[in-house]
1. Considering the stretch 83-130 alone, what residues qualify as being charged (D, E, K, R) and either closer than 25 Å to L17 by Cβ or out of contact with any strand residue (DSSP E or B) (no Cβ under 6 Å at 6 or more places or on another chain) (or both)?
2. Starting from residues that are more than 19 Å from T52 (Cα to Cα) and exposed (fewer than 15 other Cβ atoms within 10 Å of the Cβ), keep the ones in the stretch 1-40 and report whichever is modelled with the lowest pLDDT.
3. Taking interchain pairs and intrachain pairs at least six residues apart, which have beta carbon atoms under 7 angstrom, with the first residue in the stretch 19-39 and closer than 17 Å to K123 by Cβ and the second in a helix (DSSP H, G or I)?
4. Go through the stretch 96-118 and give me each residue that's without any contact (Cβ under 8 Å) to a residue 12 or more places away in the chain and loosely packed, with under 10 Cβ neighbours inside 10 Å.
5. Evaluate the following for V121: is it loosely packed, with under 15 Cβ neighbours inside 10 Å and at pLDDT below 90?
Amino acid sequence: MHSWAGYLDEREEILALLWQAGGGIIASGDRNEHATVKFPPPPGSGYPMEHTVIEFSTSPLSFFYQPFVREYVEHAETDVTIYQHPKGSSKFGVFDFDSTGTVWTVQFALLVDGVKRWEYVHKWRPSTVQ
């Protein structure tokens with residue numbers, strides 16, 4: 001399985017813990033293409049939108065481009081695609097995390113075939129897990 005598609009119940013359990021903690025970042029791979037997706041807390045969950053979780057998923061470093069296969073599947077009610085990039089033979093992400101203050105930051109850069117193709121900055125204020 002190269003996506004959450006077969007594990008939606010387990011994904012919801014993980015996301016609920018992250019929403020409770022004030023949000024967070026998921027770094028995953030082996031999807032054969034890049035996708036950055038946000039998972040906002042569901043309406044009525046009691047969690048504010050600031051607790052949204054962001055997933056960065058990128059393919060293996062030595063990957064060949066498959067123009068006919070799309071691995072990323074958006075589940076419309078729960079997933080919000082920020083950016084998707086299927087093309088390229090080599091894709092990887094570079095992260096810079098800063099958790100020194102009360103607002104945490106992650107900076108992400110997507111490199112495709114050795115060239116920076118996209119950047120994203122996410123900030124959040126984590127809460128204490130009880």
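The values are calculated or read from the model by the stated rules, or taken from the named source; none is laboratory data. Note that the structure is predicted; figures quoted are calculated from it, not measured. Counting neighbours? That spans all protein chains shown, and the Cβs are built from the backbone with ideal geometry, glycine included.
1. K87, D96, D98, D113, K123, R125
2. Out of the qualifying residues, it is M1.
3. These pairs meet every condition: W19/H51; G22/H51; G23/E50; G23/H51; G24/L18; F39/L15.
4. Result: T100, G101, V115.
5. On the way: loosely packed, with under 15 Cβ neighbours inside 10 Å: yes; at pLDDT below 90: no.
For V121, the condition - loosely packed, with under 15 Cβ neighbours inside 10 Å and at pLDDT below 90 - is not met.
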